[in-house]
Amino acid sequence: VRMPPAECMFKAEPGGSVDKRLQEFLRSRGFPKWFTVTVAPKGSYREDDIISFLQKHLEPWKEGRDWRIILADDYSAHKSENVWCLCWSRGYIILIHGGGSTPVAQTPDTDLNEHVRRVYGQKECHLLEEKMRAGQVVPKLTHEECMECMLEVLQDGALHEHAAAGYKKVGQSIHLYGDEDGEVV
């Protein structure tokens, strides 16, 4: 199973000590190429962060490869001309879900994130309990522990296969002539 790209973002200064430490941890621990880490001053994505993510993860265009579609939610950082041009230059067409439709039309929201949150939360709770048993009064996970937990969760191919099946449920990959209309829920 080819894993979809994923990235953890933490609140810190780009190029600062936290960023450097996390990049070194990612490299030294041999994380797979599909899993990256980044930082931002507010801990949320802006246009530059989206472009950086896409540059890391979009396969370059080459002769004979089919065009690909990227579905994105209605967020200003996804809708910039720079993002569109980068996608286009690599053979990807970015389609933006209309405002308010993400929770019912985008499979990461309908069929993936809930399960990722649940499994990640279980792993995080287990680690926090271990820390409390070891004497930490108010334990918290390090950035590195968060990265390891998220990698463990996202490595589960069944999680992604379940999410991919969601394209039928939201109506994006059903048969055009009505044979699969009953799949939409």
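The values are calculated or read from the model by the stated rules, or taken from the named source; none is laboratory data. Note that the structure is a prediction, hence the values are computed from the model and not measured. Cβ placement follows ideal geometry from the backbone for every residue including glycine, while neighbour counts extend to all protein chains displayed. The accessibility values were calculated without ligands, DNA or RNA, using every heavy atom of the protein model including side chains. Shrake-Rupley method; radii C 1.70, N 1.55, O 1.52, S 1.80 Å.
For this structure, a couple of remarks:
- Of the residues making up the stretch 55-70, those that are under 21 Å from His160 (Cα atoms) and either touching a residue at least 40 places away in the same chain (Cβ under 8 Å) or open to solvent by 90 Å² or more (accessible area, probe 1.4 Å) (or both) are Lys56, His57, Ile69.
- Near pairs, Cβ below 8 angstrom, 6+ apart or cross-chain, from the stretch 28-48 (surrounded by 14 or more Cβ atoms within 10 Å (Cβ to Cβ)) to any residue that is polar (S, T, N, Q): Val37/Gln23; Thr38/Ser52; Glu47/Ser76; Glu47/Ser80; Glu47/Asn82
So that you can scan it fast, the table gives a plain yes or no per residue for (1) under 20 Å from the mean Cα position of the chain (by Cα); (2) among the polar types (S, T, N, Q); (3) open to solvent by less than 70 Å² (accessible area, probe 1.4 Å):
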site: Tyr92; (1), (2), (3): yes, no, yes
site: Leu95; (1), (2), (3): yes, no, no
site: Pro103; (1), (2), (3): yes, no, no
site: Asn113; (1), (2), (3): yes, yes, yes
site: Val116; (1), (2), (3): yes, no, yes
site: Glu124; (1), (2), (3): yes, no, yes
site: Ala134; (1), (2), (3): no, no, no
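- Residue within the stretch 177-185 that is of a type in the set (Gly, Ala, Ser), without any contact (Cβ under 8 Å) to a residue 24 or more places away in the chain and not in a helix (DSSP H, G or I) present: yes
Yes or no, residue by residue, for (1) modelled with pLDDT of 90 or more; (2) touching a helix residue (DSSP H, G or I) at 6+ places or on another chain (Cβ under 6 Å):
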residue: Glu81; (1), (2): yes, no
residue: Gly91; (1), (2): yes, no
residue: Pro103; (1), (2): no, yes
residue: Asp109; (1), (2): no, yes
residue: Val119; (1), (2): yes, yes
residue: Val138; (1), (2): yes, no
residue: Leu154; (1), (2): yes, no
residue: Val170; (1), (2): no, yes
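- Count of the stretch 136-168 residues which are touching a residue at least 60 places away in the same chain (Cβ under 8 Å), over 16 Å from the mean Cα position of the chain (by Cα) and open to solvent by 40 Å² or more (accessible area, probe 1.4 Å): 2
- Unique match (being open to solvent by less than 30 Å² (accessible area, probe 1.4 Å) and closer than 24 Å to Ser173 by Cα) among Ala6, Ala77: Ala6
- Scanning the stretch 174-185 for residues that are open to solvent by less than 50 Å² (accessible area, probe 1.4 Å) and among the hydroxyl-bearing types (Ser, Thr, Tyr) returns no hits.
- The stretch 9-27, residues that are open to solvent by less than 60 Å² (accessible area, probe 1.4 Å) and either at pLDDT below 95 or not in a loop (DSSP other than H, G, I, E, B) (or both): Met9, Phe10, Val18, Asp19, Leu22, Phe25, Leu26
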